[in-house]
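Enquirer: Can you read through this structure? Questions will come right after.
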Amino acid sequence: MTKPFAITLDVGSSLANHTGAWRQERPVYVDLTPPCAHACPAMEDPQKWLYAAEDGSYEQAWRTLVESNPFPAIMGRVCYHPCETACNRTFLDEAVGINAVERFLGDHAIEQGWTLPAPATTTGYHVLVVGAGPTGLSAAYQLRRLGHDVTVRDSSPKPGGMMRYGIPAYRLPRNVLDAEVARIIDLGITLELGRRVDDVLAAMAEGFDAVFLAVGAQLGKRAYVPAGEAARIVDAVSMLHDVAQGEPPLLGRRVVVYGGGNTAVDAARTAKRLGATDAVIVYRRTRDRMPAHDSEMAEALEEGVVVKWLSTVAHADAGHLRVERMELDESGFPQPTGEFEDLEADSLVLALGQESDLTLVDDVPDVALSDGSVQVDSSFMTGHPGIFAGGDVVPAQRTVTVGVGHGARAARAIDAWLRQSPVAEPTEAPIAEYASLNTWYYADAPHAVRPRLEAARRTSGFEEVVQGLDAETAAYEARRCMSCGNCFECDNCYGVCPDNAVIKLGPGMRFEIDYDYCKGCGICVAECPSGSILMVPEPR
C-alpha cells in the first residue's frame, strides 16, 4: 500500500526541513500597547512594573516605575487611575488594582530608603522651573536626569504646589509628600522657596537657557453671588490652602459649599473635620453630571456630607442662604424654576473653579493667552523661544497625573531645543484588544479591596482614609495583570506547537519561530493567553 506522500519524508530531508514553504500565513511575535499604558496621562507603562512586582521584585518594579513618574506614593493616593478604567481585565472580572500596587511600591521605597539614580553628566545648560507643584517637579526631575542644571522657584514656603495646598491630608499625608519631593531635590536641584517670579523675561535674563512655567491654578475663580454685607463667603482654594498651612478659617457649625467638582467635595469633607455639624454641597445639576469623582463623593456621603442636587445659591446673608431649585432642559443645562428654599448657614464656600496667576507673562507680547491659559505648541513651547509651559496653565485636564505627564514631555522638548535636535516622540504600537486574549487561561480573581477608616473615625481629624496593601496582597494584585499584547514566557506556544518550530531563547529572551518547520497552523496564536502572537500573510 502506498503511503501518503507527507509521511514518507525522512527526517532531515530537504522537504522535511522546509515545510514552511506550504504556508499561506505565518505567526509572528509582537509587542502591543497595553490599554493601561495608552490611557495613562503620566506616560507610565504599568504592565512593565507589574510584571516585576509579581514575584516580589519590588525594587526593580519601583525603579521601572520612577523612570516616568517620580511620585508613586503620591499618585497611588491621588490619581483617579484611568489605567484601571481601560484595563482589559474589567471584561473578565474586575480591573487590576494598578493604583494600589503603585502606592505600595511608593510606600515601600520610602520605608527602604531607596534613592533615585544619579543624573547624567552635566550638559552645562541651566533651566528655570517656575512652580514646585507636580508639573514643575516632574519637569525638574526629568531635566536633571538628562544632565541639565535646574533651579525651581516657588512663592510658597514649602514645595508641592496644589499637592500640598489643595489636596487635604486625609487623602495625601504630608510625610509621604515630603519624602518623595525631597528625593527629587536630592538629585542636585536648586529649590528656591518664598521667591515669586513676577517677570519671566527678567528671570530668564539672570542666565537661564530656558524657562518652564508650571505655576498651577491656585486662585479661586471669581464668581458673583448676591449677598448681604454680613454674609461670610470664602473661596474653597483659599480655605484648603489655609488649612494646609495650619491656619484653618472660622467657618462655623453650618457650612454650605457651592460647586460640584473635586475641590467642592474636599472643601465639604474638610469642613466636617474642622468641626462643622452640617456640611451641605449645593450643586446645579444631578449626580451623574457631577465632575467630582464617584469615589470621593461616596466617601463624602459616608461622612455625613449632604448634597442639594439641582440647586443654586440665589442670595447669601448672615446665618442663612436662599437656594433656588433648578431643572435640566433638553440639552442638560440647568434652568431656574422660581422655587426657593432657605438654608441655615454660618458660611458659604465657593468652589466654582480655579485659575492661574499669569501676571508673570504680562510683558511678553509673543506669549499668547486664551481663556486664562497659556497657548503652547505640541512641544509645550510658547510663542517666545525658550519659554515653555505645562500643567494647569495650559488647556488640559487639571490633575496631578496630567501634570506629571506634561512635565516629563516638556522636559524632553526642552532638552531637544537646548541641543538643537528634533524631539524624539515615542511611537505607539497598536493597542492590545480584549478580543485578542485567550482568557480561558486566566482564573477568576477579584481584585484586592483596600481597607478604609470607619466613617465615624474620619471626621475627628485628618488621618488618612484609604489604607494601602501589604506585600502579599500587592504581589497577588500584580499577578492579576494579563500582560495584554506582550509575551510573558508562559511556554504555551512552545508546548502546543505540533512541529516543534518554537525555539526557547532563555529566561527574559522569549522565543523565536523556526519557519523551516512551521506549517502556519495558527495553534500558537489561538493558545497564546496574552495575544502577543499574530498571523500575518506569508511574504512572497
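Enquirer: Determine whether Phe462 is of a type in the set (A, V, I, L, M, F, W, C), closer than 30 Å to Tyr170 by Cβ and more than 23 Å from the chain's Cα centre (by Cα). Show your work before the answer.
Expert: On the way: of a type in the set (A, V, I, L, M, F, W, C): yes; closer than 30 Å to Tyr170 by Cβ: yes; more than 23 Å from the chain's Cα centre (by Cα): yes.
Yes; evaluated as a whole, the condition is true for this residue.
Enquirer: Taking Val496 as meeting all but one of (1) under 14 Å from Arg23 (Cα atoms); (2) surrounded by fewer than 20 Cβ atoms within 10 Å (Cβ to Cβ), write down the number of the exception.
Expert: Answer for Val496: the failing condition is (1).
Enquirer: Right, here's the next one. Please specify each residue of region 174-202 satisfying the condition of being surrounded by 19 or more Cβ atoms within 10 Å (Cβ to Cβ) and under 23 Å from Thr122 (Cβ atoms).
Expert: Initial filter on region 174-202 (surrounded by 19 or more Cβ atoms within 10 Å (Cβ to Cβ)): 176-177, 180-181, 183-184, 189, 191, 197, 200.
Across region 174-202, the qualifying residues are Val181, Arg183, Ile184, Ile189, Leu191.
Enquirer: Looking only at region 224-233, decide whether some residue is part of a strand (DSSP E or B), within 11 Å of Leu348 (Cα to Cα), at pLDDT below 95 and β-branched (Val, Ile, Thr).
Expert: At the first step, the residues of region 224-233 found to be part of a strand (DSSP E or B) are 227, 233.
If we keep only those that are within 11 Å of Leu348 (Cα to Cα) as well, we get 227, 233.
Adding the requirement that they be at pLDDT below 95 leaves 227, 233.
Narrowing the set further to residues that are β-branched (Val, Ile, Thr) leaves 233.
Yes, there is a match, as at least one residue in region 224-233 is part of a strand (DSSP E or B), within 11 Å of Leu348 (Cα to Cα), at pLDDT below 95 and β-branched (Val, Ile, Thr).
Enquirer: Can you find a residue that is under 21 Å from Asp266 (Cβ atoms), of a type in the set (A, V, I, L, M) and not in a helix (DSSP H, G or I) anywhere in region 478-487?
Expert: If we filter region 478-487 for residues that are under 21 Å from Asp266 (Cβ atoms), which is where we start, we get none.
Taking every residue of region 478-487 in turn, none turns out to be under 21 Å from Asp266 (Cβ atoms), of a type in the set (A, V, I, L, M) and not in a helix (DSSP H, G or I).
Enquirer: OK, next. Is there a residue in region 420-430 that is within 28 Å of Ser483 (Cβ to Cβ) and surrounded by 16 or more Cβ atoms within 10 Å (Cβ to Cβ)?
Expert: So in region 420-430, the residues within 28 Å of Ser483 (Cβ to Cβ) come out as 424-430.
Add one more test, that the residue is surrounded by 16 or more Cβ atoms within 10 Å (Cβ to Cβ), and what stays is none.
Scanning region 420-430 turns up no residue that is within 28 Å of Ser483 (Cβ to Cβ) and surrounded by 16 or more Cβ atoms within 10 Å (Cβ to Cβ).
Enquirer: Something else now. Taking the options Gly407, Gly468, Gly461, Gly403, name whichever one is small (Gly, Ala, Ser) and farther than 30 Å from Leu301 by Cα. Quick ask: steps written out before the conclusion?
Expert: Details: Gly468 fails: farther than 30 Å from Leu301 by Cα; Gly461 fails: farther than 30 Å from Leu301 by Cα; Gly403 fails: farther than 30 Å from Leu301 by Cα.
Result of the check over Gly407, Gly468, Gly461, Gly403: Gly407.
Enquirer: Next question. Name the single residue that is surrounded by the fewest Cβ atoms within 10 Å (Cβ to Cβ) among those in region 395-417 being of a type in the set (D, E, K, R) and modelled with pLDDT of 95 or more. Explain how you work it out, then say what you get.
Expert: Narrowing region 395-417 to residues of a type in the set (D, E, K, R): 398, 409, 412, 415.
Going one step further and asking which of them are modelled with pLDDT of 95 or more, we end up with 409, 412, 415.
Numbers: Arg409: 23, Arg412: 20, Asp415: 22.
Looking at the filtered set, the residue picked out is Arg412.
Enquirer: I've got another one for you. Quick check, is Val367 assigned to a strand (DSSP E or B), aliphatic (A, V, I, L, M) and crowded, with 17+ Cβ neighbours inside 10 Å?
Expert: On the way: assigned to a strand (DSSP E or B): no; aliphatic (A, V, I, L, M): yes; crowded, with 17+ Cβ neighbours inside 10 Å: yes.
No; evaluated as a whole, the condition is false for this residue.
Enquirer: Taking interchain pairs and intrachain pairs at least six residues apart, which have beta carbon atoms under 7 angstrom, with the first residue in region 111-122 and farther than 17 Å from Asp149 by Cβ and the second surrounded by 10 or more Cβ atoms within 10 Å (Cβ to Cβ) and of a type in the set (Lys, Arg)?
Expert: Thr115/Arg183
Enquirer: In addition: Do you know which residues across region 507-540 are in a loop (DSSP other than H, G, I, E, B) and out of contact with any Cys (no Cβ under 9 Å at 6 or more places or on another chain)?
Expert: Pass one, region 507-540, residues in a loop (DSSP other than H, G, I, E, B): 507-510, 514-522, 528-532, 538-540.
Across region 507-540, the qualifying residues are Pro507, Gly508, Met509, Asp514, Tyr515, Asp516, Lys519, Gly520, Gly522, Glu538, Pro539, Arg540.
Enquirer: How many residues, within region 442-469, are in contact (Cβ under 8 Å) with a residue 60 or more places away in the chain, part of a loop (DSSP other than H, G, I, E, B) and of a type outside the set (Lys, Arg)? Working first, answer last.
Expert: Filtering region 442-469 down to residues in contact (Cβ under 8 Å) with a residue 60 or more places away in the chain leaves 442, 444-448, 450, 452, 455, 458-466, 468-469.
Filter once more, so that each one left must be part of a loop (DSSP other than H, G, I, E, B): 442, 444-448, 450, 459-465, 468-469.
Those left that are additionally of a type outside the set (Lys, Arg): 442, 444-448, 459-465, 468-469.
Of the residues in region 442-469, 15 are in contact (Cβ under 8 Å) with a residue 60 or more places away in the chain, part of a loop (DSSP other than H, G, I, E, B) and of a type outside the set (Lys, Arg).
Enquirer: Please name all residue pairs, on different chains or six or more residues apart, with Cβ atoms under 6 Å, provided the first residue is in region 359-380 and is over 23 Å from Ala416 (Cβ atoms) and the second residue is among the charged types (D, E, K, R) and surrounded by fewer than 16 Cβ atoms within 10 Å (Cβ to Cβ).
Expert: So the pair list comes out as Leu360/Asp198.
Enquirer: Let me spell it out: the conditions are (1) within 26 Å of Gln420 (Cβ to Cβ); (2) touching a Leu at 6+ places or on another chain (Cβ under 7 Å); (3) among the hydroxyl-bearing types (Ser, Thr, Tyr), and Ser156 meets all of them except one. Which number is the exception?
Expert: The failed condition is (1).
Enquirer: Moving on. Could you figure out which of (1) closer than 18 Å to Thr439 by Cα; (2) surrounded by 14 or more Cβ atoms within 10 Å (Cβ to Cβ) isn't true of Phe91?
Expert: Evaluating Phe91 over (1) closer than 18 Å to Thr439 by Cα; (2) surrounded by 14 or more Cβ atoms within 10 Å (Cβ to Cβ) leaves (2) as the failure.
Enquirer: So, Asp392, is that one outside any loop (DSSP other than H, G, I, E, B), surrounded by 24 or more Cβ atoms within 10 Å (Cβ to Cβ) and modelled with pLDDT under 95 or not? Reasoning before the result, please.
Expert: Working: outside any loop (DSSP other than H, G, I, E, B): yes; surrounded by 24 or more Cβ atoms within 10 Å (Cβ to Cβ): yes; modelled with pLDDT under 95: yes.
In short, yes.
Enquirer: Tyr224 fails exactly one of the following numbered conditions: (1) out of contact with any His (no Cβ under 9 Å at 6 or more places or on another chain); (2) surrounded by 14 or more Cβ atoms within 10 Å (Cβ to Cβ). What is the number of that condition?
Expert: (2)
Enquirer: Taking Ala474 as the residue in question, decide whether it is surrounded by 12 or more Cβ atoms within 10 Å (Cβ to Cβ) and in a loop (DSSP other than H, G, I, E, B). Full working, then the answer.
Expert: Working: surrounded by 12 or more Cβ atoms within 10 Å (Cβ to Cβ): yes; in a loop (DSSP other than H, G, I, E, B): no.
For Ala474, the condition - surrounded by 12 or more Cβ atoms within 10 Å (Cβ to Cβ) and in a loop (DSSP other than H, G, I, E, B) - is not met.
Enquirer: In region 338-383, which residues are over 30 Å from Glu425 (Cβ atoms) and of a type in the set (Phe, Trp, Tyr)?
Expert: Phe340
Enquirer: Continuing with this model, one more query. Scan region 410-448 for residues that are farther than 30 Å from Val525 by Cβ and in contact with a helix residue (DSSP H, G or I) (Cβ under 9 Å, 6 or more places away or on another chain) and report the count.
Expert: Applying the first criterion (farther than 30 Å from Val525 by Cβ) to region 410-448 yields 410-425, 448.
Applying the additional criterion that residues be in contact with a helix residue (DSSP H, G or I) (Cβ under 9 Å, 6 or more places away or on another chain) yields 410-412, 414-415, 421-425, 448.
Count: 11.
Enquirer: Another question about this same structure. Give Val211, Val215, Val176, Val152 a once-over and let me know the one that is of a type in the set (A, V, I, L, M) and closer than 20 Å to Gly461 by Cα. Explain how you work it out, then say what you get.
Expert: Working: Val211 fails: closer than 20 Å to Gly461 by Cα; Val215 fails: closer than 20 Å to Gly461 by Cα; Val152 fails: closer than 20 Å to Gly461 by Cα.
Among Val211, Val215, Val176, Val152, only Val176 is of a type in the set (A, V, I, L, M) and closer than 20 Å to Gly461 by Cα.
Quick grid of which residues meet (1) among the hydrophobic types (A, V, I, L, M, F, W, C); (2) surrounded by fewer than 19 Cβ atoms within 10 Å (Cβ to Cβ); (3) in a helix (DSSP H, G or I):
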{"residue": "Tyr51", "(1), (2), (3)": "no, no, yes"}
{"residue": "Gly56", "(1), (2), (3)": "no, yes, no"}
{"residue": "Val96", "(1), (2), (3)": "yes, no, no"}
{"residue": "Asn99", "(1), (2), (3)": "no, no, yes"}
{"residue": "Phe104", "(1), (2), (3)": "yes, no, yes"}
{"residue": "Gly136", "(1), (2), (3)": "no, no, yes"}
{"residue": "Leu143", "(1), (2), (3)": "yes, no, yes"}
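The values are calculated or read from the model by the stated rules, or taken from the named source; none is laboratory data. All values reported here derive from a predicted model rather than from experimental measurement. We place every Cβ from the backbone using ideal geometry, glycine too, and count neighbours over all the protein chains shown.
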